[in-house]
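Just so you know, all these numbers are worked out from the coordinates, no wet-lab data involved. This structure is a prediction, so every number in the text was calculated from the model and none was measured. Counting neighbours? That spans all protein chains shown, and the Cβs are built from the backbone with ideal geometry, glycine included.
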Amino acid sequence: MMNNIRQIFNTIDPIIAEWMNRHGHLFLRVSMGVIFIWFGLLKSFGHSPVNDLVARTVYWFDPKIFIPILGWWEALIGVCFLFHRLTRIAVLLLFLQIGGTFLPLVILPEVCFIKFPFVLTMEGQYIVKNLLIISAAMVLGGTVRLPAQKKRGIKL
C-alpha cells in the first residue's frame, strides 16, 4: 500500500512541480499587478483603509495631494507588472516606493505594535508583509532576461 502511494507521488510530483515552474512567474507577475493596481486605485479615490495611516506617517505632505499621487504610482507599478517587458520598470518603481511603507514602524510604533518588537497590530502586519512583496519583486526582476537566455539555448 505505501509503495503504491509512494509510486503515485513520485509520478505526480514532478509533473506538478514542472507545471508550477512553467507558470509560477506569470501568476506571480499578474498577482503583483492586480494587487498594486487595486490598492493603488483605492488610495487614489480615497477608499483605502490605510489612507489615514499614510497621512499620519507622511505628515509633512498634504494628504489630499500625496495620497492620490502615491495611489497612481502604485497603480502604475501594477500596470508595469502585467507586461513582462515592463517588469524592470515595475521593480524600479516598487523599490523607490517600498521604503516609505516601513516608515510607520518608526514614526508611529504605537499604531504598529501591541508589544514591541514582535507583537504586531493589524497595521503592523500589513506593513511587515511588504517583505514578501520585496522578495517577489526580486524573483520577478530576476526573470527579465530569461526569454533572451532561452532563445540562446542557455539551460536554466
Relative to the Cα centre, what is the charge dipole magnitude of the chain, using +1 at the beta carbon of each Lys and Arg, -1 at the beta carbon of each Asp and Glu, and rounding to the nearest 20 debye?
-> 820 debye
Between Gln97 and Tyr59, what FRET efficiency comes out of the Förster formula 1/(1 + (r/R0)^6) with R0 = 22 Å and r the beta carbon distance, rounded to 0.05?
-> 0.75
Return an integer: the convex hull volume of the alpha-carbon atoms of the chain, in Å³ per residue.
-> 158 Å³
In bins 10 Å wide, starting from 0, what share of all Cα pairs of segment 5-83 does each bin hold, as a percent?
-> 19, 30, 19, 14, 11, 6, 1
Let me know the Kirkwood hydrodynamic radius for segment 41-113, please, with Cα pairs as the basis and the value in Å to one decimal.
-> 13.0 Å
So, in nm, how far is label Leu41 from label His23 when the simple model puts each one 7 Å beyond its Cα toward the Cβ?
-> 2.5 nm
In a GNM of the chain with a 10 Å cut-off on Cα contacts, which of Phe45, Phe81, Phe36 has the highest mean-square fluctuation?
-> Phe45
